[in-house]
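Quick note: the coordinates plus some simple rules give every number you see, no bench work behind them. The structure displayed is predicted, hence computed values, not measured ones. Neighbour counts are summed over all protein chains in view; Cβ atoms, including those assigned to glycine, are modelled from backbone coordinates with ideal geometry.
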Amino acid sequence: MKRLLTLVVAPVAAAALLAACAGPSSQFSYTVPAQPEGSSGYSAKPGWATTKFAVAAANPLATDAGYQVLKAGGSAIDAAIAVQMVLALVEPQSSGIGGGAFLLHSSGSKVEAFDGRETAPAAADDKLFIGADGKPLAFYDGVVGGRAVGTPGTVRMLEMAHKQYGKLPWAQLFVPAIQLAENGFKVSARLNTLLKDEKYLKNDRTAAAYFYKPDGTPVDVGVTLRNPALAEVLRQIASKGSNALLTGPVAQAIVSKVQSHPTNPGKLALSDLANYQAKKREPICSDYSANQQTYRLCGMPPPSSGAIAIGQILGILNNTNAATLPLVSGMGGVPGTVGPTPSADWLHLYTEASRLAFADRGQYLGDPDFVQPPAGSWMSLLDPGYLSERAKLIQPAGPSMKVAKPGVPGAGKTSYAPMPDQPEYGTSHISIVDGFGNAVAMTTTIEDQFGSRLMTDGGTGKAGGFLLNNELTDFSFAPTDAEGKPVVNRVQAGKRPRSSMAPTLVFDKASGQLIMSGGSPGGALIIHFTAKTLYGVLNWGMMPQQAIDLPNFGSLNGPSLLEEKRFAPATVEALRARGAEVREVTMTSGLQAITRGQAHGTPVWLGGADPRREGVVMGD
């Protein structure tokens with residue numbers, strides 16, 4: 001396939017020149033944009049090109065807030081804060097101040113990983129999701145109510161990052177969300193559709209009064225929805241910082257909501273919120289070669305499994321002939337989706353590599369404050385020799401291994417049991433590059449759609465509010481296996497549940513120049529959505545929008561999953577002929593990506609947003 005994007009490495013001096021020319025405004029003035037009605041389903045996106053800076057987010061209003069911050073001289077961190085607060089209002093089903101996030105930041109000279117993952121309450125133990133009958137609860141019996149609510153970490157993590165890299169005052173970054181919450185935003189088709197399909201949210205009085213009409217139907221598309229309670233809470237956070245959320249009346253309202261649930265109360269306490277600590281961790285960075293160029297892929301370390309799983313999948317693929325297999329003509333099964341697709345031969349290799357990576361993920365990955373890495377280092381799972389040995393388990397012509405077993409990296413042995421398969425959902429992704437040489441990739445979540453289905457007004461007594469996460473269901477419900485071996489990702493007091501979130505920054509290894517910021521929501525499938533986009537850009541030479549548009553695929557160490565109506569019947573049958581169980585399913589990614597490229601010989605930032613959601617890219 002012809003390379004569609006020339007990746008370029010601009011001189012380091014260019015970043016310094018931009019930084020010298022750009023200075024922050026003394027006062028950020030927010031202008032409410034004309035409010036679009038976002039789409040639900042599949043809506044083709046054009047792709048975007050900018051020269052100075054760019055922001056990609058899951059809703060046009062959120063993207064615009066970040067754009068206006070960058071335009072006013074704000075940093076990538078500043079813009080991420082403004083984007084997140086607007087997402088809490090306009091995309092409440094996915095993320096917000098009641099959840100957690102992972103943020104990867106590059107300053108041009110170093111990469112840092114900020115961990116705002118939720119933690120289990122101090123009163124929680126590994127029997128949290130065991131029912132009265134001694135068996136693990138059904139998934140949604142654990143999700144809905146207070147039991148699964150972890151200590152929210154997004155706001156405190158953003159505060160930590162802002163103290164180091166913010167340029168505009170903290171309080172100014174809340175202005176867009178406060179204004180939109182007070183004056184209202186137009187309900188998008190996506191939010192309306194998700195509310196129609198939602199089974200549990202109406203059981204919460206606060207949420208029902210906000211999201212639904214008296215007749216029980218959701219607020220209509222295009223209706224202006226106001227959230228005075230959220231505006232008031234954001235105003236308090238803008239004034240007093242994260243303590244306004246994690247201590248005082250707002251914290252009391254959160255804890256009361258969690259503990260007073262009539263059928264499924266939780267253990268979250270005021271002390272859990274007050275004592276929450278965001279953490280700075282060393283990112284996971286590994287080398288990856290494609291098209292005779294070596295890249296440095298950087299992502300979040302555990303408790304996220306995203307960077308390690310992606311690094312394993314891509315590393316294993318590089319020990320096969322995958323790089324020689326071109327894309328094939330697409331079937332165009334969805335309007336606007338005519339285009340190339342991976343071949344059956346390539347998909348077989350990819351899904352086999354995925355099975356191997358997910359087997360290791362289930363065996364080894366958990367909160368590093370509680371779990372020792374195999375062979376003493378998480379990098380043992382990305383060791384080239386280890387990945388080469390794992391790749392030898394793949395038979396290119398088949399049959400499929402169907403379910404892989406974990407490997408033994410280095411001399412490492414473990415006394416832990418693999419985590420049983422369990423659903424994961426939710427999240428939103430933000431990618432930003434600013435005019436000062438900084439970049440952000442941030443994935444943010446309340447876990448399941450609408451989280452725990454608990455909405456609190458933060459003690460304001462006003463209408464609306466914010467949703468609380470159900471993040472503790474990312475722990476294993478079963479604490480041990482049948483032999484009594486503990487599961488590495490079991491519930492423990494103060495522990496952070498394993499995540500699949502995979503905010504990713506890509507650099508040219510030789511120069512250190514940023515090449516790409518990307519990531520996606522989508523539960524465990526985040527790993528595949530992000531890996532697909534990386535492979536499309538780095539191996540197949542695509543612009544980010546083209547890579548995002550590719551049909552989705554993957555395996556969680558079980559069936560081969562293909563995005564429904566996106567693959568030719570012959571491709572499906574070819575995979576089945578290799579012995580794989582193939583399921584064609586809905587795979588709603590929400591990818592955002594920004595890459596360094598060229599347009600007509602001029603260096604530019606190329607942006608892409610997922611046609612499966614309502615996001616856009618903006619920049620100058």
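In deg cm²/dmol, rounded to 500, what helix-only [θ] at 222 nm does the chain give when every DSSP H run of at least 4 residues adds -39500 (n - 2.57) and the total is split over its residues?
-8500 deg cm²/dmol
For the cross-link pairs Lys167/Lys509; Lys402/Lys565; Lys186/Lys462; Lys135/Lys279; Lys167/Lys279, which exceed 25 Å when the distance is taken from alpha carbon to alpha carbon?
Flagged as over cut-off: Lys167/Lys509; Lys135/Lys279.
Obtain the nm distance between the two label points defined at Ser388 and Ala599 by a simple spin-label model: each point lies 7 Å from its Cα along the Cα-to-C-beta direction.
The modelled label-to-label distance comes out at 4.3 nm.
Find how much the distance from Lys280 to Gln395 grows on full extension, using 0.36 nm per residue of separation minus their present alpha carbon separation; answer in nm with one decimal.
Stretched fully, the Lys280-Gln395 segment lengthens by 37.3 nm.
Assuming R0 = 41 Å, what is the FRET efficiency of Val221 and Lys565, from their Cβ-Cβ distance, to the nearest 0.05?
0.95
With each pseudo-label sitting 7 Å past Cα toward Cβ, what's the Gln259-Lys135 distance in nm, one decimal?
Each label point lies 7 Å from its Cα, and together they span 3.3 nm.
Taking R0 as 22 Å, what FRET efficiency do you get between Lys213 and Ala189 from their Cβ-Cβ distance, rounded to the nearest 0.05?
0.85
At 7 Å along Cα-to-Cβ for each site, give me the label-to-label distance between Thr31 and Lys485 in nm.
So the label points at Thr31 and Lys485 sit 6.2 nm apart.
Using the Kirkwood radius built from alpha carbon pairs, what does the Stokes-Einstein equation give as D for region 364-454 at 10 °C and 1.306 mPa s, in µm² per second?
Stokes-Einstein gives a translational diffusion coefficient of 92 µm²/s.
Per the Debye formula with a single identical scatterer at each Cα and no solvent contribution, what log10 I(q)/I(0) holds for region 487-611 at q = 0.13, 0.22 Å⁻¹?
-0.64, -1.21
Short version: what are the Cα gyration tensor semi-axes of region 147-287, square root of 5 times each eigenvalue, largest first, in whole Å?
Gyration-tensor ellipsoid for region 147-287: 29, 21, 17 Å.
In whole angstrom, and with the biggest value first, how far do the Cα coordinates of region 451-531 range along each principal axis?
53, 50, 22
In the chain, which helices (entire DSSP H runs) extend 20 Å or more along their own long axis, judged by Cα positions, while averaging at least 1.0 on the Kyte-Doolittle scale?
76-90
Quick one: Debye curve from the alpha-carbon atoms of the chain only, equal weights, vacuum; give me log10 I(q)/I(0) at q = 0.05, 0.08 Å⁻¹ to two decimals.
Each listed q maps to, in turn, -0.19, -0.51.
Taking 1 over the mean of 1/r across every pair of different Cα atoms in region 380-513, what Kirkwood radius in Å do you get?
When all Cα pairs of region 380-513 are included, the Kirkwood radius is 19.3 Å.
Measuring from centroid to centroid over Cα atoms, what is the spacing of region 179-255 and region 510-579 in Å?
Between the Cα centre of region 179-255 and that of region 510-579, the gap is 34 Å.
Please give the charge dipole size of the chain, origin at the Cα centre, charges +1 on K and R Cβ atoms and -1 on D and E Cβ atoms. Round to the nearest 20 debye.
Charge dipole of the chain: 380 debye, to the nearest 20.
Sort region 124-220 into rounded, prolate or oblate with this rule: let a ≥ b ≥ c be the square roots of the eigenvalues of the Cα gyration tensor; rounded if a/c is under 1.5, and if a/c is not under 1.5, prolate when a/b is larger than b/c, oblate otherwise.
Oblate.
Identify all aspartates and glutamates with a Cα-Cα distance to Lys71 below 19 Å; exclude those on the same chain that are fewer than 8 residues away in sequence.
Correct list for Lys71: Asp434, Asp620.
Checking the cross-link filter: which aspartates and glutamates have an alpha carbon closer than 13 Å to that of Lys163, excluding same-chain neighbours under 8 positions apart?
Here the aspartates and glutamates satisfying the reach criterion relative to Lys163 are Asp78.
What is the sum of charges, Lys and Arg at +1 and Asp and Glu at -1, for the other residues whose Cβ falls under 9 Å from the Cβ of Ile77?
So the environment of Ile77 carries a net charge of -1.
Would you work out the relative contact order for region 461-513, in percent, from Cα pairs under 8 angstrom that are 6 or more residues apart?
After rounding, I find 26 percent.
Across every pair of different alpha-carbon atoms, what Kirkwood hydrodynamic radius in Å does region 364-410 reach?
So the Kirkwood estimate lands at 12.2 Å.
Using the eigenvalues of the Cα gyration tensor, what equivalent ellipsoid semi-axes result for region 37-140 when each is taken as the square root of five times the eigenvalue, whole Å, largest first?
35, 20, 12
With a cut-off of 8 Å between alpha carbons and a minimum separation of six or more residues, what is the relative contact order of region 255-296 in percent?
Contact order relative to length: 21 percent.
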